[in-house]
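The values are calculated or read from the model by the stated rules, or taken from the named source; none is laboratory data. All values derive from a computational prediction rather than experimental measurement. Glycine also receives a Cβ, built like all others from the backbone with ideal geometry; neighbour counts cover every protein chain displayed. Only protein heavy atoms, including side chains, enter the accessible area calculation; ligands, DNA and RNA are left aside. Shrake-Rupley method; radii C 1.70, N 1.55, O 1.52, S 1.80 Å.
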Amino acid sequence: MELEEALHKAGGFIKEAKGKGYFLSSVFSSIKSPDEIIGEWVLHFCGKGKALDCYVSEELVVEESHSLGEAKELDTRKVKVSATEALETAGRRNAITILLSLHGSPPVWTINFITAAMSVTTVDVSAETGNITREETTSILKKG
């Protein structure tokens, strides 16, 4: 399911959350390969010193959550590039897990390709233009 469908499914909850002072700050999903269809999105809301996660799949599940850092409101009207398009732009990678998140202002797709060799390639794709703005590979096992 593309993000637009998840936002539509969660429309009632989003309206209710906004009425209570929450705002959408990021979205997240994970898949096993670039060809896999996204089955679940996590919509992360912040407000009033609290956070909520809304899990969107066949049904909606809402849980209290925590935020890392200062949250910014995600303006989904500025998102012109879908998750599928961002994955295509990032290219095929040899990954066992792919983590996708949409966050920031302006909005950015961050795609993390985790490999069996315990490395992570992170690719940031502008959600407005589709351009790659960052790409780096690091080892998970590397001592800091």
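Summary table below
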{"read-out": "Amide H partners (placed H, <5 Å) of SER82, local residues excluded", "value": "none"}
{"read-out": "Residue-wise HN-Hα coupling along the stretch 50-63, computed from phi with Karplus coefficients 6.51, -1.76, 1.60 (Hz; x: Gly, Pro)", "value": "10, 9, 10, 10, 10, 8, 10, 9, 5, 9, 9, 10, 10, 9"}
{"read-out": "Per-pair calculated FRET efficiency, R0 = 25 Å: GLU36 and THR137 via Cβ, rounded to 0.05", "value": "0.70"}
{"read-out": "In Hz, Karplus ³J(HN,Hα) per residue of the stretch 13-19 (6.51, -1.76, 1.60; θ = phi - 60°; x = Gly, Pro)", "value": "5, 4, 4, 5, 5, 4, x"}
{"read-out": "Cleavage-rule hits, trypsin sites (Lys or Arg not before Pro), the stretch 1-106, DSSP coil, Cβ neighbours within 10 Å at most 10", "value": "LYS32, LYS48"}
{"read-out": "Residues with amide H under 5 Å from that of VAL108, placed H, sequence gap 5 or more", "value": "HIS103, ALA127"}
{"read-out": "Ratio Rg/Rh, restricted to the chain and using Cα atoms, in which Rh is the Kirkwood radius", "value": "0.97"}
{"read-out": "Whole-Å distance, taken between Cα centres, linking the stretch 24-47 and the stretch 95-143", "value": "14 Å"}
{"read-out": "Protein-only accessible surface order, largest first, of HIS44, HIS8 at 1.4 Å", "value": "HIS8, HIS44"}
{"read-out": "Other-chain or far-sequence residues with amide H under 5 Å of THR97's (modelled H)", "value": "ILE114"}
{"read-out": "Residue-averaged 222 nm ellipticity for the chain, from DSSP H runs of 4+ at -39500 (n - 2.57), nearest 500", "value": "-4500 deg cm²/dmol"}
{"read-out": "Shape box of the stretch 65-126 [Cα atoms, principal axes, largest first, Å]", "value": "35, 28, 15"}
{"read-out": "Of THR97, THR129, THR84, the one that fluctuates the most in a GNM where the chain has Cα springs shorter than 10 Å", "value": "THR129"}
